[in-house]
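Colleague: Got a structure for you, written out below as structure tokens; questions coming shortly.
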Amino acid sequence: MSSERNRPFVYRVTLTPESLAEFDNHIVRRLSSMRGQYYDQLAYEAMLAQDDVILYEVYEIVRPEVPGELMTGLSIVHPGKVGDEYFMTKGHFHAVLETAEIYHCLRGQGFMLMETPQGDWAIEDLLPGNVLYIPPYWSHRSINTGQEDLVTYFAYPGHAGHDYGTIEQFGFRKLVLERNGKPVIVDNPRWRPPEER
């Protein structure tokens, strides 16, 4: 963190190379980082054998990971599918479950799939101008159902952390698949309720 960021500061989210260069951290998630997350594993392996494509990217403004700070940045999920399942983020709980997050959709279209540890679930549209408030205890995954990048701005407490392992192990209760050119929500046959885990 630069010394000038110990004072109030401004950064842009215009998605130009110049504005993206203002971010401190750039995370790139490729298809290989999503092993076991897509339902159609044959389609996944066939696609991975062709190319380890970039599914999504995250640009972060790095702040101290302590209460009172905010972590902010951009999530960019590229368009595409693995089989008939749309490109998506890994999805995560916060390591500190009692923390919330806000997403503001800037471009594209898709869904935010969410779930509690008890198995309650919800899904909300991500469309330009929509601001989504995700309460504490809800895991979340961005899904791009459109033909262009799905771009969201996010903010969450600095000490929240990320728990990717729970989603990697158990997945989400629901899947979003393309059927007849449109997204549909279906049960995930591999998901197990907490009492069976």
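The values are calculated or read from the model by the stated rules, or taken from the named source; none is laboratory data. Fair warning: this is a prediction, and the values are worked out from it, not measured in the lab. Using ideal geometry, Cβ is built from the backbone for each residue, glycine included, and neighbour counts are taken over all protein chains shown.
Colleague: Name the one entry in 96, 186, 77 that is under 28 Å from residue 24 (Cβ atoms), surrounded by fewer than 20 Cβ atoms within 10 Å (Cβ to Cβ) and of a type in the set (A, V, I, L, M, F, W, C).
Modeller: 96
Colleague: Further question: Any idea which residue in the range 36-80 is farthest from the chain's Cα centre (by Cα), counting only those that are small (Gly, Ala, Ser) and either in a loop (DSSP other than H, G, I, E, B) or at pLDDT below 95 (or both)?
Modeller: Within the range 36-80, the match that is farthest from the chain's Cα centre (by Cα) is 68.
Colleague: Do we find that residue 122 is touching a His at 6+ places or on another chain (Cβ under 9 Å) and either among the hydrophobic types (A, V, I, L, M, F, W, C) or modelled with pLDDT of 95 or more (or both) in this structure?
Modeller: In short, no.
Colleague: Can you spot a residue in the range 107-123 that is among the acidic types (Asp, Glu), buried (at least 16 other Cβ atoms within 10 Å of the Cβ) and closer than 20 Å to residue 153 by Cα?
Modeller: Within the range 107-123, not a single residue is among the acidic types (Asp, Glu), buried (at least 16 other Cβ atoms within 10 Å of the Cβ) and closer than 20 Å to residue 153 by Cα.
Colleague: Pull up the range 58-74, narrow it to residues that are of a type outside the set (Gly, Ala, Ser) and buried (at least 17 other Cβ atoms within 10 Å of the Cβ), then point me to the one that is nearest to residue 7 (Cα to Cα).
Modeller: 61
Colleague: Among the residues of the range 153-189, write down those that are at pLDDT below 95 and of a type in the set (Gly, Ala, Ser).
Modeller: Once the filter is applied, which keeps residues that are at pLDDT below 95 and of a type in the set (Gly, Ala, Ser), the range 153-189 yields 165, 171, 181.
Okay, residues lined up against (1) among the charged types (D, E, K, R); (2) within 24 Å of residue 147 (Cβ to Cβ); (3) in contact with a strand residue (DSSP E or B) (Cβ under 8 Å, 6 or more places away or on another chain):
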position: 64; (1), (2), (3): no, no, no
position: 69; (1), (2), (3): yes, no, yes
position: 79; (1), (2), (3): no, yes, yes
position: 89; (1), (2), (3): no, yes, yes
position: 94; (1), (2), (3): no, no, yes
position: 98; (1), (2), (3): yes, no, no
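Colleague: Also, quick follow-up: Regarding residue 152, is this residue buried (at least 20 other Cβ atoms within 10 Å of the Cβ) and either closer than 18 Å to residue 29 by Cα or over 13 Å from the mean Cα position of the chain (by Cα) (or both)?
Modeller: Spelling it out, residue 152 is indeed buried (at least 20 other Cβ atoms within 10 Å of the Cβ) and either closer than 18 Å to residue 29 by Cα or over 13 Å from the mean Cα position of the chain (by Cα) (or both).
Colleague: Looking only at the range 146-169, which residues are out of contact with any Gly (no Cβ under 8 Å at 6 or more places or on another chain) and either in a loop (DSSP other than H, G, I, E, B) or closer than 18 Å to residue 115 by Cα (or both)?
Modeller: The answer is 147, 156, 159, 160, 161, 162, 163, 165, 166, 169.
Colleague: Right, something else. For the range 161-177, check the following and say yes or no: at least one residue is under 14 Å from residue 84 (Cβ atoms) and either loosely packed, with under 14 Cβ neighbours inside 10 Å or of a type in the set (Gly, Ala, Ser) (or both).
Modeller: no
Colleague: For the range 123-146, enumerate the residues that are more than 23 Å from residue 79 (Cβ to Cβ) and over 15 Å from the mean Cα position of the chain (by Cα).
Modeller: Within the range 123-146, 135, 136, 137 meet the criteria.
Colleague: Is there a residue being under 15 Å from the mean Cα position of the chain (by Cα), within 29 Å of residue 65 (Cα to Cα), assigned to a loop (DSSP other than H, G, I, E, B) and among the basic types (Lys, Arg) anywhere in the range 97-112?
Modeller: No, because not a single residue in the range 97-112 is under 15 Å from the mean Cα position of the chain (by Cα), within 29 Å of residue 65 (Cα to Cα), assigned to a loop (DSSP other than H, G, I, E, B) and among the basic types (Lys, Arg).
Colleague: Taking the stated definitions as given, is residue 127 crowded, with 20+ Cβ neighbours inside 10 Å and either at pLDDT 95 or above or in contact with a Ser or Thr (Cβ under 8 Å, 6 or more places away or on another chain) (or both)?
Modeller: When the stated conditions are applied, residue 127 does not pass them.
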